[in-house]
DNA sequence: TTGTAAGCGTTATCAC
DNA sequence: GTGATAACGCTTACAA
């Protein structure tokens, strides 16, 4: 036996209620709402009137179960606090919204195991697509995704071997390009400050890019001027002090994170180290702030919003049967040169 | 007749498949997974083994439909780009994650009609709770929510008359307190720069707070030194110039938005207007950056992360039958005084 | 163009 | 402690 016994009262209005009020069958209601053109005008009007009168809100849970189609896309970021991701999220949201889809968000706290848990949870919610910032994953994550038959886009780095699709830019190339830019401005002793490397493919790729540039330039990498720091303005300031102390001939620092760079700039002001006279400063991720610093800071600009748009579109394309083969889309980057270099 | 005809193959493994493999009924599988203690140890193990072997992921869509219980909370923000909200989102996510719940996000683009549409969409998804940054809503929004029987928390301002619950701080009191602080530092001609006011209850409350403080101080409000600006560092800089031009005796400016204040600070540096000598600067929303400016900027600190935690907890409490009466929780604010005032 | 019947994968209920 | 059965509210497939 079922429930609905002691007037336990589910609150919500069902399609059948609309059908009664409009004097039609539930199927006609369903059609009138989803394919109005497939229903005669009279019925169509009676249905929409009934819907308005009794306040019917179609139950998408039931629709999803029945049709085996979901409209929810899952996004997993390392952190929700990072304002850089905000642009990407907005791009995703804009595209999904236009298509009548929805967005679920989780964060992995920069932990692979948490990413795995979040993916499992999303698959249980039967999301119709998965957007992952990470490109490094646990084995079980790979297995889950292989089984799931759901489009997946990795967006944090243009990895060589995506799980499925990749829409991003090359952290490696970007970091290399910026290092070469500094060299092009006559700098030779170029420090490098990275965010934590553990399980972070983006940070690792950026460091690799920096090292690749040095190799190409025939400059030997000097571990004393390569720092791994936590995030935050304070960490940037501290890094700046430590580098200046470690190497008197230091003539440039490349910060692989915007907040670090800002902290470093402010520290230079405090210490009276002129930029770029005494030392050049370059940043990754072109936040608004950098161009308003004094001097304005040279930076790698990443098309974060576009990455969001394109990864969402990649999922939708797959769902709609357009563009069925896995894509690997490079949205590039730009070196924005300003007065700090 | 149903489907499952020409081997159209829904991919996913069902509870029944687990049941077969474990040699038990589907109900036992369901119980073993949700209430392990209600199943004998032997069956429990057989079930978990079967689950692992065939890679079963419970279908939460079906579970939700059957049990009329969802684990998804919907959050609607004016924008996803604003990094201030990021802290709140993280707080929400942390709490929901711990409780095994999930988060859907949408943005209203600061438009009431979009908020309404997002709420309708979320209700169709049968979210178990709704978190709204806005406190101003369309009539239809109010009707939708009244019908929905879902816990709702408004988090952008501690409104006097919440739809249901409110977890926030008083924008009015905060702006008033900061204005009084400036007066307490001997300032009399205090400019005020706000973000767009239209349909934005937070901005309106902040301006009301500013005006209330002036009234209390017996200072007449001067429209020439009250500006409404779009967001961004550039707008802050521009506002600063216009205010200095409009009123030579200007001795303080209160920016009701952190990015505006930063832009203004940078402009003061460029123009050689000493802070706080020539003019004091105060900000709303204590972002990291403000304390690293030179001089560090006095600001209202809002407990954004805690607001996120508490609003999520309010929803969960209601769902679990704890704390059934509507709460209105004031998380307060702090005036962080620094060298700019 | 409209309606009927079956079934989506789970859980609530009751019987054993 | 375990299982059979009937829903949950919708859509697919097919018949009229």
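Does residue A:71 count as more than 22 Å from residue B:84 (Cα to Cα) and more than 10 Å from chain B (Cβ to nearest Cβ)? No.
Taken together, B:236, B:232, B:186 contain a single residue that is on the phi > 0 side of the Ramachandran plot, assigned by TED's automatic domain parsing to the domain that holds residue B:279 and over 22 Å from the mean Cα position of the chain (by Cα), which is B:186. Note on segment B:287-324: residues that are touching a strand residue (DSSP E or B) at 6+ places or on another chain (Cβ under 6 Å) and within 13 Å of another protein chain (Cβ to nearest Cβ) total 2. Candidates are the residues of segment B:64-84 that are crowded, with 22+ Cβ neighbours inside 10 Å and part of a loop (DSSP other than H, G, I, E, B); the one that is farthest from DNA strand C (Cβ to nearest atom) is B:80. Across segment A:221-266, which residue is nearest to the other protein chains (Cβ to nearest Cβ) among those that are under 13 Å from residue A:179 (Cα atoms) and touching a helix residue (DSSP H, G or I) at 6+ places or on another chain (Cβ under 7 Å)? Once the filter is applied, the top-ranked residue is A:255.
Filtered by the rule that a residue be in contact (Cβ under 8 Å) with a residue 60 or more places away in the chain and away from DNA strand D (no atom under 11 Å from the Cβ), segment A:60-81 gives A:73, A:78. Of the listed requirements (1) more than 8 Å from DNA strand C (Cβ to nearest atom); (2) at pLDDT below 95; (3) at the interface with another protein chain (Cβ under 7 Å from one of its Cβ atoms), residue B:10 misses just one: (1).
Residues are listed down the side, and each one gets a yes or a no for (1) without any contact (Cβ under 8 Å) to a residue 24 or more places away in the chain; (2) closer than 30 Å to residue A:89 by Cα; (3) within 13 Å of DNA strand C (Cβ to nearest atom):
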{"position": "B:24", "(1), (2), (3)": "yes, no, yes"}
{"position": "B:42", "(1), (2), (3)": "yes, no, no"}
{"position": "B:91", "(1), (2), (3)": "no, yes, no"}
{"position": "B:99", "(1), (2), (3)": "no, yes, no"}
{"position": "B:102", "(1), (2), (3)": "no, yes, no"}
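For every residue, the table says whether it meets (1) closer than 30 Å to residue B:288 by Cα; (2) within 40 Å of the chain's Cα centre (by Cα); (3) modelled with pLDDT of 95 or more.
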residue	(1), (2), (3)
A:5	no, no, no
A:30	no, yes, yes
A:65	no, yes, yes
A:106	yes, yes, yes
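In segment B:85-98, the count of residues that are surrounded by 21 or more Cβ atoms within 10 Å (Cβ to Cβ), facing chain A (nearest Cβ under 7 Å), touching a strand residue (DSSP E or B) at 6+ places or on another chain (Cβ under 6 Å) and not in a helix (DSSP H, G or I) is zero. For the criterion of being surrounded by fewer than 21 Cβ atoms within 10 Å (Cβ to Cβ), at negative phi and more than 7 Å from chain B (Cβ to nearest Cβ), residue A:43 passes. Filtered by the rule that a residue be within 26 Å of residue B:68 (Cβ to Cβ) and more than 10 Å from DNA strand D (Cβ to nearest atom), segment A:11-23 gives A:20, A:21, A:22.
Any residue at all in segment A:157-172 that is buried (at least 24 other Cβ atoms within 10 Å of the Cβ), touching a helix residue (DSSP H, G or I) at 6+ places or on another chain (Cβ under 7 Å), in a loop (DSSP other than H, G, I, E, B) and modelled with pLDDT of 95 or more? The answer is yes, given that some residue of segment A:157-172 is buried (at least 24 other Cβ atoms within 10 Å of the Cβ), touching a helix residue (DSSP H, G or I) at 6+ places or on another chain (Cβ under 7 Å), in a loop (DSSP other than H, G, I, E, B) and modelled with pLDDT of 95 or more.
Of the residues making up segment A:267-293, those that are on the phi > 0 side of the Ramachandran plot and without any contact (Cβ under 8 Å) to a residue 40 or more places away in the chain number 1.
Would you say residue B:132 is away from every other protein chain (no Cβ under 14 Å) and under 22 Å from residue A:60 (Cβ atoms)?
Working: away from every other protein chain (no Cβ under 14 Å): yes; under 22 Å from residue A:60 (Cβ atoms): yes.
So residue B:132 passes the test.
With respect to the conditions (1) part of a helix (DSSP H, G or I); (2) buried (at least 22 other Cβ atoms within 10 Å of the Cβ), residue A:299 falls short on a single one, namely (1). Counting residues in segment A:305-315 that are over 16 Å from residue A:236 (Cβ atoms) and over 15 Å from the mean Cα position of the chain (by Cα) gives zero. Of all residues in segment B:26-40, none satisfies being more than 22 Å from residue B:126 (Cβ to Cβ) and assigned by TED's automatic domain parsing to the domain that holds residue B:313.
Condition first: crowded, with 17+ Cβ neighbours inside 10 Å and not in a helix (DSSP H, G or I). Now tell me which residues in segment B:233-271 satisfy that. Across segment B:233-271, the qualifying residues are B:250, B:251, B:252, B:253, B:254, B:255, B:256, B:257.
Looking across B:98, B:48, one residue alone is under 28 Å from residue A:77 (Cβ atoms) and away from DNA strand D (no atom under 12 Å from the Cβ). It is B:98. Residue under question is residue A:47, and the condition is that it be within 12 Å of DNA strand C (Cβ to nearest atom), over 18 Å from residue B:147 (Cβ atoms) and modelled with pLDDT under 95; does it hold? Taking the combined requirement at face value, the residue does not satisfy it.
Of the residues B:57, B:33, the single one that is part of a helix (DSSP H, G or I), crowded, with 17+ Cβ neighbours inside 10 Å and away from DNA strand D (no atom under 11 Å from the Cβ) is B:33.
The values are calculated or read from the model by the stated rules, or taken from the named source; none is laboratory data. Here the structure is a predicted model, which means the values were calculated and not measured. Reconstructed Cβ throughout: ideal geometry from the backbone, glycine too, with neighbour counts over all protein chains shown.
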